[in-house]
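Participant: Quick one: this structure, given as structure tokens, is what I'll be asking you about.
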Amino acid sequence: MQIESLKVFCDLTETESFTKAAQVNNVTQSAVSQQISALERQFKSLLIERSKKKFRLTREGQVLYDYSKQIIQAYDSLNNKLAELKDIIGGTIRVATIYSIGLHDLPPYIKKFMRSYPTVNIHVEYRRANQVYDDVLSNVVDLGLVAYPVKDSKIEIVPLRKEPLVLICHPQHPFAKQKAIKLKQLAGQKMIGFEPDIPTRKALDKILKEHDVEVKHVMEFDNVETVKRAVEIDAGISIVPLGTVTQEIAKQTLISVGIDDGDFFRPLAAIYKKNKVLSPAMKQFLAILKDAP
């Protein structure tokens, strides 16, 4: 029996998927099945109830999982401690991020990190917010980058920064001639929005409701790039994070307009699974994410 087999078993338990467990460990699904079978032979116990449609551990499987997690955490802590003593920062960091952060906020931080730690490999996946949380909880990734972080007893949240929200419109839109508007002026306006389940959309809906403003959502998208393209063809206006439209504002394909009612921000955060042992590379990457790019 090897540590790797225990890790595969834990990953399978947490993802409840042979496919995901194989992906996390860079092996085939067949290899995952073989390692589980080997563990069952080793402990002379059935670990997974295979007759059930839903993934479920046996009592013996639950005991093995509980103790295996302790063994793996201790093993990871040992490796990380030895790496720190040797001043070695290497390995791979797996990151899942929502599109807007990955495309606009993350690149300068990765560039800065890679200048200092060129031997570290950063693997980035672009996901919807709910998928980022799922990937973090199932250990598919080491870190997640999200907006409006949701408190969860199984997740650690590392606040990063607050990003200003701005109103954007087409250069020929009446709002383009104004330096700032009040939210009540948005009443009845055609709005290009994010899809209702996206955290930024939920936050904007709350702001508009608090100010008793109703808009007409004529288009809804799951990413800021498509939102911007729709505003550029004058299909409507939108409210988006400032960092996502700096290029368009500079080229004047979009106009940003201030909002008089107050300062509105989108909080950004890094998340990782509670009790996860962070490698030296992960700690340094988090430290850089919290600093200015």
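The values are calculated or read from the model by the stated rules, or taken from the named source; none is laboratory data. Only a predicted model underlies this, so the values are computations on that prediction, with no experimental measurement involved. Methodologically, a virtual Cβ is constructed for each residue, glycine included, from the backbone with ideal geometry; neighbour enumeration extends over all protein chains shown.
The rows are residues; the columns are (1) surrounded by fewer than 20 Cβ atoms within 10 Å (Cβ to Cβ); (2) over 24 Å from the mean Cα position of the chain (by Cα); (3) assigned to a loop (DSSP other than H, G, I, E, B); (4) at pLDDT 95 or above.
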{"site": "P196", "(1), (2), (3), (4)": "yes, no, yes, no"}
{"site": "T200", "(1), (2), (3), (4)": "no, no, no, no"}
{"site": "A203", "(1), (2), (3), (4)": "yes, no, no, no"}
{"site": "K209", "(1), (2), (3), (4)": "yes, yes, no, no"}
{"site": "V227", "(1), (2), (3), (4)": "no, no, no, yes"}
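Participant: Shifting gears a bit: Does region 65-81 include one or more residues that are part of a loop (DSSP other than H, G, I, E, B), out of contact with any strand residue (DSSP E or B) (no Cβ under 9 Å at 6 or more places or on another chain) and surrounded by 15 or more Cβ atoms within 10 Å (Cβ to Cβ)?
Facilitator: Step one: of region 65-81, the residues part of a loop (DSSP other than H, G, I, E, B) are none.
Looking through region 65-81, none of the residues is part of a loop (DSSP other than H, G, I, E, B), out of contact with any strand residue (DSSP E or B) (no Cβ under 9 Å at 6 or more places or on another chain) and surrounded by 15 or more Cβ atoms within 10 Å (Cβ to Cβ).
Participant: So, in region 14-45, exactly how many residues are within 23 Å of the chain's Cα centre (by Cα) and either surrounded by 21 or more Cβ atoms within 10 Å (Cβ to Cβ) or more than 22 Å from Q131 (Cα to Cα) (or both)? Spell out the reasoning first.
Facilitator: Here is the first cut: in region 14-45, the ones within 23 Å of the chain's Cα centre (by Cα) are 14-26.
From what's left, either surrounded by 21 or more Cβ atoms within 10 Å (Cβ to Cβ) or more than 22 Å from Q131 (Cα to Cα) (or both): 15, 21, 24.
So the answer is 3.
Participant: Any residue at all in region 232-244 that's out of contact with any Leu (no Cβ under 8 Å at 6 or more places or on another chain), over 12 Å from C169 (Cβ atoms), in contact (Cβ under 8 Å) with a residue 12 or more places away in the chain and buried (at least 17 other Cβ atoms within 10 Å of the Cβ)?
Facilitator: yes
Participant: Those residues that are on the phi > 0 side of the Ramachandran plot and either surrounded by 15 or more Cβ atoms within 10 Å (Cβ to Cβ) or in contact (Cβ under 8 Å) with a residue 12 or more places away in the chain (or both), I need them from region 245-290; list them, please. Can you show your working first?
Facilitator: Step one: filter region 245-290 for residues on the phi > 0 side of the Ramachandran plot, giving 252, 262, 275.
The answer is Q252, N275.
Participant: Hey, can you tell me all the residues within region 229-251 that are touching a strand residue (DSSP E or B) at 6+ places or on another chain (Cβ under 9 Å) and assigned to a loop (DSSP other than H, G, I, E, B)?
Facilitator: Across region 229-251, the qualifying residues are D234, A235, G236, V245.
Participant: I'd like to know if region 3-13 contains one or more residues that are of a type outside the set (G, A, S), under 23 Å from V136 (Cα atoms), at pLDDT 85 or above and not in a helix (DSSP H, G or I). Let's see the steps before the verdict.
Facilitator: So the first thing to find is which residues in region 3-13 are of a type outside the set (G, A, S), and the list is 3-4, 6-13.
From the residues that got through so far, the ones that are under 23 Å from V136 (Cα atoms) too are 3-4, 6-13.
Retained after the next criterion (residues that are at pLDDT 85 or above): 3-4, 6-13.
When the remaining residues are screened for being not in a helix (DSSP H, G or I), the result is none.
No: region 3-13 contains no residue that is of a type outside the set (G, A, S), under 23 Å from V136 (Cα atoms), at pLDDT 85 or above and not in a helix (DSSP H, G or I).
Participant: Taking S5 and the conditions (1) within 26 Å of K283 (Cβ to Cβ); (2) among the small types (G, A, S); (3) more than 20 Å from the chain's Cα centre (by Cα), which numbered condition does it fall short on, given that it satisfies the others?
Facilitator: (1)
Participant: Considering only residues that are closer than 29 Å to F264 by Cβ, of a type outside the set (A, V, I, L, M, F, W, C) and in contact with a helix residue (DSSP H, G or I) (Cβ under 7 Å, 6 or more places away or on another chain), which ones fall in region 130-150?
Facilitator: The initial filter retains those residues of region 130-150 that are closer than 29 Å to F264 by Cβ, namely 130-136, 143-150.
Subsequent filtering for residues that are of a type outside the set (A, V, I, L, M, F, W, C) retains 130-131, 133-135, 144, 148-149.
Within region 130-150, G144, Y148 qualify.
Participant: Can you confirm whether region 275-285 contains a residue that is in the same structural domain as I181 (by TED's automatic domain parsing), of a type outside the set (D, E, K, R) and out of contact with any Asp or Glu (no Cβ under 9 Å at 6 or more places or on another chain)?
Facilitator: Going residue by residue through region 275-285, those that are in the same structural domain as I181 (by TED's automatic domain parsing) are none.
No, region 275-285 contains no residue that is in the same structural domain as I181 (by TED's automatic domain parsing), of a type outside the set (D, E, K, R) and out of contact with any Asp or Glu (no Cβ under 9 Å at 6 or more places or on another chain).
Residue by residue, here is whether (1) among the hydrophobic types (A, V, I, L, M, F, W, C); (2) over 12 Å from the mean Cα position of the chain (by Cα) holds:
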site: E125; (1), (2): no, no
site: N130; (1), (2): no, no
site: D135; (1), (2): no, no
site: S138; (1), (2): no, yes
site: L145; (1), (2): yes, no
site: S153; (1), (2): no, yes
site: P159; (1), (2): no, yes
site: E163; (1), (2): no, yes
site: P171; (1), (2): no, yes
